[in-house]
């Protein structure tokens with residue numbers, strides 16, 4: 001948050017009550033995240049910064065009518081690509097849920113397009129009101145266990161550190177490279193540390209003693225704790241505990257018992273990966289705060305964890321609190337415990353109003369009007385211009401982005417490069433009547449190792465819909481190598497058809513699961529023709545699809561249109577008998593993530609986390 005002498009002079013004049021503020025919020029109860037108390041006073045805003053709290057007058061006055069004011073929420077770790085939206089569209093969704101800043105790791109697009117992908121995300125985020133801070137992908141490729149589209153070493157990452165939006169190095173998921181002091185990893189750690197950057201961890205399945213290795217390497221955060229003891233282990237070593245609650249990984253209930261009044265200041269909330277429908281229907285960090293309070297966490301502590309704690313974790317001075325000298329990012333809540341958002345202010349501008357949103361829905365005029373007692377942000381269908389009025393003056397602001405004027409070109413991003421997949425490519429030879437099966441765990445990224453009895457046909461695994469033993473396939477899509485991995489999975493409950501997609505963490509090859517070989521192959525063919533996306537097929541027919549032409553990960557469409565398309569996908573999944581215990585597409589995308597226990601599938605075959613190696617599907621007779 002930069003300033004100049006003129007701006008600072010004006011702010012001091014307003015703080016001293018020698019000049020009127022741009023905006024003054026009166027009759028509010030303010031959550032003081034520094035002291036953990038509720039305070040009162042007028043909030044004076046000038047040039048998007050809070051100048052003072054006390055007794056003020058301004059060009060614009062907002063009567064809060066006794067509502068509670070809290071700082072804007074901060075998502076401390078999120079992969080924007082997982083929303084399948086461009087950053088500019090993602091911003092529209094989360095701002096309405098009170099998230100005014102995010103720390104994102106673009107390692108999804110980086111694994112597809114390298115430095116070009118990182119720059120693409122930075123460019124698209126530029127100009128949105130949402131503060132988008134970036135942690136540079138540390139593991140591209142994530143591991144040697146899979147094939148991806150790019151390799152990023154320290155030399156390629158270093159130039160990005162000069163960008164003020166870049167904070168450091170994102171989740172270091174290649175623990176063996178850290179533990180074994182491999183030069184490729186040490187170069188990145190040294191580069192970041194010497195450049196004054198921060199380093200995020202990824203300690204999935206790492207024991208308490210091995211956590212010392214991460215801490216010794218200046219890795220100070222982790223979002224992979226899945227139980228209270230793991231949470232305590234991280235806190236004991238001085239790490240920040242990121243409490244994750246996304247679409248698949250839901251760790252809040254398990255970790256919250258570890259949070260105490262003494263350690264809460266080292267805890268923050270993250271979503272990591274959350275699909276668009278859940279972002280719209282549940283919310284983002286606001287949803288986690290709401291659930292945490294419902295579980296018994298003190299409301300002020302929950303707000304503190306969602307704002308100041310995250311800001312301090314990442315050294316983001318100037319955001320995360322409602323206080324003089326801080327950016328005027330705040331929410332007006334009708335109810336603190338329910339986190340019922342009445343309006344959202346970003347840099348002193350009202351970017352969301354519940355009342356105005358309801359009026360728009362009722363009028364159905366195709367134009368949004370956000371009002372805050374005289375302050376308005378008006379957004380047309382194309383989202384090209386927003387006017388925010390303070391008294392007689394007007395300012396232009398990109399509350400809902402600039403869909404046409406600043407559309408980011410995808411010309412530099414790679415297209416799918418896939419060798420046609422055949423029946424023989426996806427066959428699973430069996431040398432015994434028992435097989436390793438990937439056991440899906442609803443609400444978790446972790447999978448189980450199941451040993452199931454099977455009846456080979458002509459020496460191969462036959463899909464059994466009755467026993468929910470389906471075939472999972474991963475096909476390389478970056479270099480047309482023709483490399484294909486196939487395994488058995490249990491938990492999707494598909495009765496017919498197949499689903500496929502190009503969202504497959506972290507290398508984002510094509511992944512498919514289905515009730516027959518023919519339908520799996522057809523689904524892979526169709527997603528290839530889309531140049532990336534999600535498809536649902538039955539027989540020789542496409543039942544539903546969502547094109548994701550931006551690196552096979554994101555849509556270039558408006559979030560409203562993507563949301564409607566996703567609803568069709570979800571409804572169609574039900575027609576195939578798919579499980580309702582989790583989102584099948586999102587779960588499918590994580591079954592390729594070999595840095596998470598225990599069994600996963602890559603284009604190179606079935607991978608076992610505990611042995612850090614590929615294994616046979618067949619179980620050898622003892």
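Here are a few things to note about the model shown:
- Computed Kirkwood radius, in angstrom, where 1/r is averaged over Cα pairs of region 302-363: 12.9 Å
- Principal-axis tilt of helix 354-363 within the chain, Cα atoms, nearest 10 degrees: 70 degrees
- Sequence-separation-based contact order of the chain, relative, with Cα cut under 8 Å and 6+ spacing, percent: 14 percent
- Region 74-311 - percent relative contact order, Cα under 8 Å, separation 6 or more: 19 percent
- Across region 484-606, Cα pairs under 8 Å and at least six residues apart give a relative contact order of 30 percent.
- Cβ crowding within 10 Å ranks 349, 569, 255, 136 as 569, 255, 349, 136, fewest other Cβ atoms first.
- Our helix-only sum for the chain, with -39,500 (n - 2.57) per DSSP H run of n ≥ 4 divided by its residues, gives a mean residue ellipticity at 222 nm of -7000 deg cm²/dmol.
- R0 of 22 Å, Cβ-Cβ distance residue 480-residue 156: FRET efficiency to nearest 0.05: 0.40
- The angle between the Cα long axis of helix 285-294 and the main principal axis of the chain comes to about 90°, on a 0 to 90 degree scale.
- Between residue 12 and residue 187, residue separation times 0.36 nm minus the direct Cα-Cα distance comes to 58.6 nm.
- Among 57, 455, a tally of other beta-carbon atoms within 10 Å of each Cβ gives an order, fewest to most, of 455, 57.
- Per-residue Cβ neighbour counts within 10 Å put 26, 274 in the sequence 26, 274, beginning with the fewest.
- Helix 517-529 axis versus longest C-alpha principal axis of the chain: approximately 40°, rounded to the nearest ten.
Computed from the coordinates by the stated procedures, all read-outs in this text should not be read as laboratory data. Fair warning: this is a prediction, and the values are worked out from it, not measured in the lab. FYI the Cβ positions are ideal-geometry reconstructions off the backbone, even for glycines, and counts take in every protein chain you see.
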